[in-house]
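The values are calculated or read from the model by the stated rules, or taken from the named source; none is laboratory data. Computed from a prediction, not measured in an experiment: that's the story for all the values here. Ideal geometry is used to build each Cβ from the backbone, glycine not excepted, and the neighbour counts take in all protein chains shown.
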Ligand SMILES: CC(C)(COP(=O)(O)OP(=O)(O)OC[C@H]1O[C@@H](n2cnc3c(N)ncnc32)[C@H](O)[C@@H]1OP(=O)(O)O)[C@@H](O)C(=O)NCCC(=O)NCCS
């Protein structure tokens, strides 16, 4: 049986062949078809090691850090993710303004992908997060063949939950004491999910 890494590599090859006409300008031969995903105003580019410092900066800002884990380890993992995670730098006007990732549940009966996002605190409220989430969700439905996506904000992350609802995510339920914070305290999470025909394009960007 092929290893998981080999399956992913094979999947990428199939995706390249199947979407040859859709491969974005600038994609080099041999590069995965999802190396760059174009959004309305943002562009998602697969994260590379050189993104680590910028990711640390974004994740280390107090307005972001309160909703994410340790900035150093999260940034390092995003740049060198395990095989079931795809991490992207969110680029806007040529600058990295955030990161977004999908985490695949590969078990065939439960196949789905979870999303995670952080936007530079100085750019919040300008439509970047909505555009990036909509872009990656559309890719996961239309290209990767998922039928269900999940996201799990902290239960008191009201701004993020509002945005996810507007994109079509629905609350599934409260996950009590879901997340252990860097200071050791436990926090509730809200599980939300989105089916393929429920995705709503963000109003502004
Ligand atoms: C949650 C998060 C990713 C959203 O990203 P964002 O870029 O701020 O999101 P958007 O701008 O698309 O939408 C958020 C708000 O901006 C508004 N907005 C959207 N486009 C806009 C525009 N062009 N001009 C002004 N406001 C705009 C939206 O209406 C929304 O407002 P509201 O929620 O107050 O009603 C971002 O705030 C963030 O990184 N937060 C910290 C980390 C975090 O919580 N991550 C989520 C963990 S699950």
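Got at least one residue in segment 179-189 being touching a helix residue (DSSP H, G or I) at 6+ places or on another chain (Cβ under 7 Å), buried (at least 17 other Cβ atoms within 10 Å of the Cβ), at pLDDT 95 or above and over 21 Å from residue 109 (Cα atoms)? The answer is no; no qualifying residue exists. When segment 88-111 is filtered for residues that are within 15 Å of the chain's Cα centre (by Cα) and either within 16 Å of the ligand (Cβ to nearest atom) or under 15 Å from residue 71 (Cα atoms) (or both), the ones remaining, listed by number, are 88, 89, 90, 91, 96, 97, 98, 99, 100, 101, 102, 103. In this structure, residue 136 does not satisfy being assigned to a strand (DSSP E or B), under 16 Å from the mean Cα position of the chain (by Cα), at pLDDT 95 or above and surrounded by 15 or more Cβ atoms within 10 Å (Cβ to Cβ). Between 98, 114, the distinction of being at pLDDT 95 or above, buried (at least 17 other Cβ atoms within 10 Å of the Cβ) and touching a helix residue (DSSP H, G or I) at 6+ places or on another chain (Cβ under 7 Å) belongs to 98 only. Residues in segment 142-177 that are assigned to a strand (DSSP E or B), out of contact with any helix residue (DSSP H, G or I) (no Cβ under 9 Å at 6 or more places or on another chain) and within 13 Å of the ligand (Cβ to nearest atom): 150, 175. Out of all the residues in segment 74-95, which are surrounded by fewer than 21 Cβ atoms within 10 Å (Cβ to Cβ) and under 14 Å from residue 131 (Cβ atoms)? Within segment 74-95, 91, 93 qualify. For segment 117-141, a residue qualifies if it is more than 10 Å from the ligand (Cβ to nearest atom) and out of contact with any helix residue (DSSP H, G or I) (no Cβ under 6 Å at 6 or more places or on another chain), and the qualifying residues are 122, 135, 136, 137, 138, 139, 140.
When residue 201 is tested against the conditions (1) in contact with a helix residue (DSSP H, G or I) (Cβ under 9 Å, 6 or more places away or on another chain); (2) within 12 Å of the ligand (Cβ to nearest atom); (3) assigned to a helix (DSSP H, G or I), the lone failure is (3). Per the conditions (1) at pLDDT below 95; (2) surrounded by 15 or more Cβ atoms within 10 Å (Cβ to Cβ), the sole criterion not satisfied by residue 71 is (1).
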